[in-house]
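What follows is a single structure, written as structure tokens, with notes after it.
The values are calculated or read from the model by the stated rules, or taken from the named source; none is laboratory data. As the structure is a computational prediction, the values presented were derived from the model and not from experiment. All Cβ positions, even for glycine, are placed from backbone atoms using ideal geometry, and neighbour counts span all protein chains on display. Calculation scope for accessible area: heavy atoms of the full protein, side chains included, ligands and nucleic acids excluded. Shrake-Rupley method; radii C 1.70, N 1.55, O 1.52, S 1.80 Å.
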Amino acid sequence: MQWNWSDSLNLLRKLTLKRAVNAFKVLASYQVSKWIKKPVQWGYPVSISFEPTTSCNLRCPECPSGLRAFTRPTGMLQKNFFKDTIDQLHRELMYLVFYFQGEPYLNPDFLEMVKYAAGKKIYTATSTNAHYLTEANARKTVESGLDRLIISIDGTTQETYKQYRVGGNLNKVLEGAANIVKWKKELKSNTPFIIFQFLVVRHNEHQIEDVKRLAKKIGVDDVWLKTAQVYDYENDPNKLIPLNTKYSRYKKDRQGRNVFKGNNANHCWRLWHDPVITWDGTVVPCCFDKDAQHKLGSLQQMPFKELWQNPDYKKFRGQVLQSRKNIDICANCSEGVKVWG
């Protein structure tokens, strides 16, 4: 991932004294917790991920949304519920990700919610498969004030792209990206910062340089390479793990078996600053709890600031500080895994 000054400066412009003080409190409590091995939580989230929907138009092989494998219900985030939560937190909150599972643009109120958060001077970001970036949606996206748009593009030819993005159409993705670039120019807008996110897997690792050239041709601002999470990485049934281990979360041990590169140290920054809220208001520890198995509370039952300090949250933070390796969602987590420089 490259550092981009324009995007970073845009994020820093969202900083207020109250948000800076809150971020310091959160960071300090995290460091104290690591030191004493007991959960201490000061301040409120610096960042939040909100799930617009669990629905998706594609069927990607390592995605529970694509596989229709959720045990939790499918639904749409309601804008009134979203606004109520933002109203509680916007003075401390600096960064908002409109993504967890599913395709955000399938929620008809998605861009209205982006606009509401942007109006509170919160940095907003989303990730999309770009099949719904029509001319009209592209213009509305730019007008919404969205700060960052991540477009998943896992191949530079249709044959390669469809191997992971099952049911997808690469031409639609490229057209959607071009529509966003066009409307940024038309409306003389510096946002959203457009990123091509390339999930590096075995069948597309030879196209890394190609996707960089394609991004430059279209006018996309940056290309991010992402390592793939493989649930059954020991057997890798879909043959997704790249041959070049530089782009993999896994490596071979002395017996030739795939093992995880991470060390699962007993702490996790995400738990202190960046919760995930599902479409129906369930709060979960992080984006690795895709099926919301570790429910820390519901915003339908209590306000966020009360939930943030509740016994279930404290207990989970304590478990991570004691033995992270024994928590299922931590076993395949990329937090702290250095892949490439």
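Taking a point 7 Å out from the Cα of ASN4 in the direction of its Cβ, the residues of the stretch 145-172 whose backbone N falls within less than 11 Å of it are 147-151. Under 5 Å from the amide H of PHE193 lie the amide H atoms of ARG148, LEU149, each residue being 5 or more positions distant or on a separate chain, with H modelled from the backbone and absent for Pro and chain starts. Roll a 1.4 Å probe over the protein heavy atoms and report the accessible area of ARG19 in Å², nearest 10. Accessible area of ARG19: about 10 Å².
Net charge near MET302: determine it from the other residues with C-beta under 15 Å of the C-beta of MET302, scoring Lys and Arg +1 and Asp and Glu -1.
Its environment carries a net charge of -1.
Over 25 Å between Cα atoms: which of LYS140/LYS217; LYS37/LYS120; LYS212/LYS252; LYS162/LYS185; LYS79/LYS162; LYS14/LYS83 fall into that group? With Cα atoms farther than 25 Å apart: LYS37/LYS120; LYS212/LYS252; LYS162/LYS185; LYS79/LYS162. Taking only the C-alpha atoms of the stretch 1-155, Rg followed by Dmax gives 17.1, 54 Å. Taken about its Cα centre, the stretch 79-144 carries a charge dipole of roughly 200 debye when the Cβ of each Lys and Arg holds +1 and the Cβ of each Asp and Glu holds -1.
Normalised by 2.2 N^0.38 Å, with N the number of residues, the alpha-carbon radius of gyration of the stretch 223-318 equals 1.38. Dividing the mean sequence gap of close Cα pairs (under 8 Å, 6+ apart) by how many residues the chain holds gives a relative contact order of 18 percent. Of the listed pairs LYS25/LYS226; LYS188/LYS216; LYS121/LYS182, which have alpha-carbon separations greater than 27 Å here? Where the Cα-Cα span goes over 27 Å, the pairs concerned are LYS25/LYS226. Remark on the chain: CYS56, CYS268, CYS286, CYS287, CYS330, CYS333 stand apart, with no other cysteine beta carbon under 4.7 Å.
Any idea what the alpha-carbon Rg over 2.2 N^0.38 Å comes to for the chain?
Cα-based Rg divided by the globular estimate yields 0.98.
The rule of thumb for compact globular proteins, 2.2 N^0.38 Å, goes into the C-alpha radius of gyration of the stretch 1-91 1.48 times.
Compare LYS172, LYS120 by solvent-accessible area with a 1.4 Å probe and give them largest first, with all protein chains kept in place.
LYS172, LYS120
Rg and Dmax of the stretch 228-283, based on Cα coordinates, read 15.4, 45 Å.
Per residue, the convex hull around the alpha carbon atoms of the stretch 182-276 comes to 153 Å³. With the convex hull constructed from alpha-carbon coordinates only, the stretch 113-239 shows a mean projected area of 8.4 nm² over all directions. State whether the stretch 1-46 is rounded, prolate or oblate according to the following rule on the C-alpha gyration tensor (a ≥ b ≥ c being the square roots of its eigenvalues): a/c under 1.5 gives rounded; otherwise a/b larger than b/c gives prolate, and the remaining case gives oblate. It comes out oblate by the Cα gyration axes.
Set the Förster distance to 41 Å, then compute FRET efficiency between LYS185 and ARG91 from the Cβ-Cβ distance, nearest 0.05. Calculated value: 0.75.
Charges only on Cβ, +1 for Lys and Arg, -1 for Asp and Glu: so what's the dipole of the chain about the Cα centre, in debye to the nearest 20?
940 debye
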